[in-house]
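Take a look at the structure below.
The values are calculated or read from the model by the stated rules, or taken from the named source; none is laboratory data. Here the structure is a predicted model, which is why all the values come from computation and not from measurement. Cβ atoms come from the backbone with ideal geometry, glycine included; neighbour counts cover every protein chain shown. Heads up: the accessible areas ignore ligands, DNA and RNA and are worked out on the full protein's heavy atoms, side chains in. Shrake-Rupley method; radii C 1.70, N 1.55, O 1.52, S 1.80 Å.
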Amino acid sequence: MKINCLNPIASCGLEMLGDNYEITENTAEADAILVRSAVMHDMELPDSLLAVARAGAGVNNIPLEACAEKGIVVFNTPGANANGVKELTIAAMLLAARDIGGGIQWCRENKDNANIAKDAEKAKKNYAGTEIKGKKLGIIGLGAIGVLVANAANRLGMDVYGCDPYLSVEHALNMSRDVTMVKTNDELFEMCDYLTVHVPLLDSTKGMLNKETFSKMKDGVIILNFSRDTLVNEADMKEALASGKVGKYVVDFPNPNTVNMPNTIVTPHLGASTQESEDNCAKMAVHEIREFLENGNIKNSVNYPNCDAGVCPTESRVTIAHKNVPNMLSRFTSLFSKDGINIENMVNKSLGNFAYTILDICSDEVDGVAEELEAMDGVIRVRIIK
Ligand code: MLT
């Protein structure tokens, strides 16, 4: 199998590929792609390509629908870099509460001042701040990162509130009981001193923080954005910062707008840039790719349903990526039954317009099966795994 890395991927992950894999520089011959931030929207997707794994959470750099239409399964690595992003979010809150940046700058500027120790005692009043303990923090989105931020802020003595209509059981179980859930973001806007956003960039979330939502917030609110820049309407944010409606904006995405806004602290997309996060993401991405290429199982896909049948116990495994439309399963099974072939296991799952079926069959006479299945209306891609 040939793997193409569009960005540097941590070597501890690549080492997990094993002997049956080779790294290729040539995207056109790749069976799978590993990617971090490279934008794939204008890329030609080669016919050989079976899977794309993003070593990270956000997938807005990948054409998910176009991949799904070609039967290319796209994975991400949810949670693998969550601790790195959580730690930077907490640091951001402290950077916003205290003028640590200004203080460091003052020390640098006074490096040749022999009286720096004495002068510092006078200068420090210019960099005084507030404490985060006892302040209200609102978390928009309680996925892997949001929950870690909630728990850490709670342990730092903040009064933590969260909103997530899609909260999973797993994340709910991992969250401190001291975190108060609210039903709408508006409730967070009305009462919180700090707001942090941890949702994916989708059509429905783009520009979700804007003039209208700022007007519902407390004066001087501090907003943290370690998710994606375009979740915020930047023209509206600039105005809100200039008027003091928003006291400070801490954002991990430099662009010509964010770097020119008043009262804004910008970092260069450092959220997941830790050795640990990069290693965790690379290992998870490689594991997902291997599981899919070798067993046909899907875990942590964002454009196909998760579908796991373990290791194939029979002579052959057939996997089918197809449209989520009626009569697909009956057509698949009748193809095997007409030849008297027993289906030992069958798993079928769907996600939106797409579905995926794994069939473990008691025969190794699979010649021609792929062609027959592929000829069926609604079938996108067939693989004979073994
Ligand atoms: C993510 O999407 O996981 C983060 O933005 C980090 C990254 O892209 O490297």
>> Condition first: within 11 Å of the ligand (Cβ to nearest atom) and open to solvent by 30 Å² or more (accessible area, probe 1.4 Å). Now tell me which residues in region 29-58 satisfy that.
In response: Arg36, Ser37, Ala57
>> Which condition from (1) in contact with a Lys or Arg (Cβ under 9 Å, 6 or more places away or on another chain); (2) part of a loop (DSSP other than H, G, I, E, B); (3) away from the ligand (no atom under 14 Å from the Cβ) is the one that Met16 breaks?
In response: (2)
>> Within region 338-386, considering only strands (runs of 3 or more DSSP E) that don't extend past its boundaries, which have at least 1 residues that are among the β-branched types (Val, Ile, Thr) and over 23 Å from Ala68 (Cα atoms)?
In response: 343-351, 354-361
> Looking at Asp112, Asp119, Asp203, which one is out of contact with any Lys or Arg (no Cβ under 8 Å at 6 or more places or on another chain), more than 28 Å from Leu231 (Cα to Cα) and surrounded by fewer than 12 Cβ atoms within 10 Å (Cβ to Cβ)?
Replying inline: Asp112
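Which one of these is β-branched (Val, Ile, Thr) and within 23 Å of Gly101 (Cβ to Cβ): Ile265, Ile289, Ile298? Can you show your working first?
Numbers: Ile289 fails: within 23 Å of Gly101 (Cβ to Cβ); Ile298 fails: within 23 Å of Gly101 (Cβ to Cβ).
It is Ile265.
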> Considering region 226-247 alone, what residues qualify as being within 16 Å of the ligand (Cβ to nearest atom) and in a helix (DSSP H, G or I)?
Replying inline: Asp229, Thr230, Leu231
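So that you can scan it fast, the table gives a plain yes or no per residue for (1) of a type in the set (S, T, N, Q); (2) buried (at least 16 other Cβ atoms within 10 Å of the Cβ); (3) touching a strand residue (DSSP E or B) at 6+ places or on another chain (Cβ under 8 Å):
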{"site": "Pro305", "(1), (2), (3)": "no, yes, yes"}
{"site": "Asp308", "(1), (2), (3)": "no, no, yes"}
{"site": "Thr314", "(1), (2), (3)": "yes, yes, yes"}
{"site": "Thr319", "(1), (2), (3)": "yes, yes, yes"}
{"site": "Thr333", "(1), (2), (3)": "yes, no, yes"}
{"site": "Asp339", "(1), (2), (3)": "no, no, no"}
{"site": "Val347", "(1), (2), (3)": "no, yes, yes"}
{"site": "Leu351", "(1), (2), (3)": "no, yes, yes"}
{"site": "Val366", "(1), (2), (3)": "no, yes, yes"}
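Can you tell which of Ala10, Ala32 is under 14 Å from Cys281 (Cβ atoms) and touching a residue at least 60 places away in the same chain (Cβ under 8 Å)? Before the answer, list the steps.
Numbers: Ala32 fails: under 14 Å from Cys281 (Cβ atoms).
When all the criteria are applied, what remains is Ala10.
Being without any contact (Cβ under 8 Å) to a residue 40 or more places away in the chain and among the aromatic types (Phe, Trp, Tyr) narrows it down to one of Phe292, Phe336, so name that one. I'd like the intermediate steps shown before the answer.
Details: Phe292 fails: without any contact (Cβ under 8 Å) to a residue 40 or more places away in the chain.
Testing whether each residue is without any contact (Cβ under 8 Å) to a residue 40 or more places away in the chain and among the aromatic types (Phe, Trp, Tyr) leaves just Phe336.
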>> From the list Met284, Met261, exactly one residue is open to solvent by 10 Å² or more (accessible area, probe 1.4 Å) and touching a residue at least 60 places away in the same chain (Cβ under 8 Å). Which is it?
In response: Met284
>> Could you check region 2-13 and list, in sequence order, the residues that are part of a loop (DSSP other than H, G, I, E, B) and surrounded by fewer than 16 Cβ atoms within 10 Å (Cβ to Cβ)?
In response: Asn7, Pro8
> When you go through Ile23, Ile116, Ile90, Ile104 one by one, which is the residue that is closer than 25 Å to Leu195 by Cα and more than 13 Å from the ligand (Cβ to nearest atom)?
Replying inline: Ile90
> Which residue pairs have Cβ atoms under 7 Å apart, sit 6 or more places apart or on different chains, and have a first residue in region 65-92 that is within 16 Å of Lys299 (Cβ to Cβ) and a second that is open to solvent by 40 Å² or more (accessible area, probe 1.4 Å) and part of a helix (DSSP H, G or I)?
Replying inline: Val74/Leu64; Thr77/Met284; Ala80/Asn280; Ala80/Met284
>> Checking the structure you have, find out if any residue of region 172-185 is in contact with a Phe, Trp or Tyr (Cβ under 7 Å, 6 or more places away or on another chain), polar (S, T, N, Q) and closer than 20 Å to Met261 by Cβ.
In response: no
